[in-house]
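A short write-up of the structure that comes next.
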């Protein structure tokens, strides 16, 4: 029998790879990717490292001065502090919400639709998300959704005054008193008092306000009228007396004050009239400051104290969906027998979640958290777009400070040092993530 044919050995310099492909051919196929990797990754890293040791002009060796600036410059130190806040809270909150969404939507019929809605922000660019949340956090409740909701909740429990800009006009018997107004003289039973005010725009008057009328005297009581003493048109209307077109201050609170103490109080009717009991005799009438309280305008979300949490909130809105999808994929691989066995043993749903589901998902949670940590170390777009110029210094992060030093302040040496410092921060986290992924693959 003839011996089986064997392939001829490859000539020197033409060794084949494991798949049978010549290594020269494999290198040729990889060459474009290697060139791009070198041009877009290796070269910028190497150039940034070298440039970080030179001064702003690039013609003098600065040694480690640029790296010293990272820990001595106030702006960079604020950015570093904010980066720590980002790394601690943004991945934690995003992962926690992703876990809650993944677990709660597992059993509901509309869970897929809910996951789709939560994941949709991932399709939006950081720039677009920044513009959206710049509007959401607008200080004006008529524009900003966050303040519109917040003001609505506040006004449900603490109604704002309808007369924030009201004040006495000419020849008024009222004078300022602790944010409100008080009569110059005392009043007595059987007397009618006029308390005219001006300064409230017609469209800001209470909806229930009616035409003001002069109060009728009552022998055993004190009566009066408080109204908007202003009629449109030059020379029209009588000063100090209600005219047909003038409206009463519906709901205006009137207090009788004697020796610094309130002895009686009343609220004006829709036509501005009010009545005080005989106990108010000899007192002065006061319109307290609560009548003129400025309307609640919400929270300054983009102010110095809240701008960083506000921007983190927008990041969570975008990335909670990412965390949810990955955790849901890990949850699909959890053995159901373990969950059912825990329930059969009498465990509550909270105990099953805390002592069975979370420990089994620990590897997935770690990967998601670390991935988000790497992502937030490089956050730039959201901070740059959302934070206004007045509070951008308070919201500063390392990536934004790198941009400002390199392009706005003309200090490329310090910018390069920040870039290298960011790389050094990211490498350990990436190494931990890759190592964990390889460990999971071996299992």
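Here 220, 208, 190 are screened, and the one residue that is surrounded by fewer than 16 Cβ atoms within 10 Å (Cβ to Cβ), touching a helix residue (DSSP H, G or I) at 6+ places or on another chain (Cβ under 6 Å) and in a loop (DSSP other than H, G, I, E, B) is 220. Considering region 244-260, the residues that are part of a strand (DSSP E or B) and touching a helix residue (DSSP H, G or I) at 6+ places or on another chain (Cβ under 6 Å) include one that is surrounded by the most Cβ atoms within 10 Å (Cβ to Cβ), namely 256. The residues of region 114-127 that are assigned to a helix (DSSP H, G or I) and either loosely packed, with under 13 Cβ neighbours inside 10 Å or at positive phi (or both), listed by number, are 116, 117, 120, 123, 127.
For first residues located in region 135-161 and within 21 Å of residue 383 (Cβ to Cβ), partners that are at pLDDT below 90 and lie 6+ apart or on another chain with Cβ distances below 6 Å form the pairs 147/141; 147/298.
The values are calculated or read from the model by the stated rules, or taken from the named source; none is laboratory data. Source: prediction; values computed, not measured. Don't worry about glycine lacking a Cβ; one is built from the backbone with ideal geometry, like all the others, and counts go over all protein chains shown.
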